[in-house]
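Asker: What follows is a single structure, and I will ask about it in a moment.
All of the numbers you see were taken from the coordinates with simple rules; none came from a lab. Remember, predicted model here, so these are calculated numbers, not experimental data. Backbone-built Cβ (ideal geometry, glycine too); neighbour counts: all protein chains shown.
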Amino acid sequence: MRTLYTLATALMLTLVGFTAQAQCSDKVIKKATKDGLGTYIFESAAFKPLSSFTSSKGMVEAAFSVYSQESYRVINLCQSFSELPEFMIYDTEGNLLFSSSKEKGKTNYDFVAQKSGDYKIQFKIPSADAKNGGACVAFAIGYK
């Protein structure tokens, strides 16, 4: 049986306090999640206005839990930026698994978790958007 408790806890600790803004609305994120996951089963999504990250210094980070040998898709759902923020995925040991800087425009990453534990996603915010209060930092996770 799949439990979302660990994932929900990690996401809530990192991305609490959702603000209802047009760009960061539940409805918009749900639609983008459904479109982006394709054949993957929805696991979780998290979103928060960029303005709520007071000391991000160009980077925003969150954690999510995975289970060994499960297939996952992580999608970058960031919205209202001058250009799509780069995103990086790190495994439980801090090894870089994926960086969208190497694959410009790619918004998702599919992988099989080698170990159970917490993975990290980081978003590199374009410097032009550092004070863009209307921008939304968002991602979703699905599994097969």
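Asker: Please name all residue pairs, on different chains or six or more residues apart, with Cβ atoms under 8 Å, provided the first residue is in the range 59-73 and is touching a residue at least 60 places away in the same chain (Cβ under 8 Å) and over 14 Å from Thr92 (Cβ atoms) and the second residue is surrounded by fewer than 22 Cβ atoms within 10 Å (Cβ to Cβ) and of a type in the set (S, T, N, Q).
Answerer: Cβ pairs passing all conditions: Met59/Gln122; Val60/Gln122; Glu61/Thr14; Glu61/Gln122; Ala62/Thr14; Arg73/Asn108.
Asker: Can you tell me which residues in the range 30-78 are β-branched (Val, Ile, Thr) and out of contact with any strand residue (DSSP E or B) (no Cβ under 7 Å at 6 or more places or on another chain)?
Answerer: Thr39, Thr54
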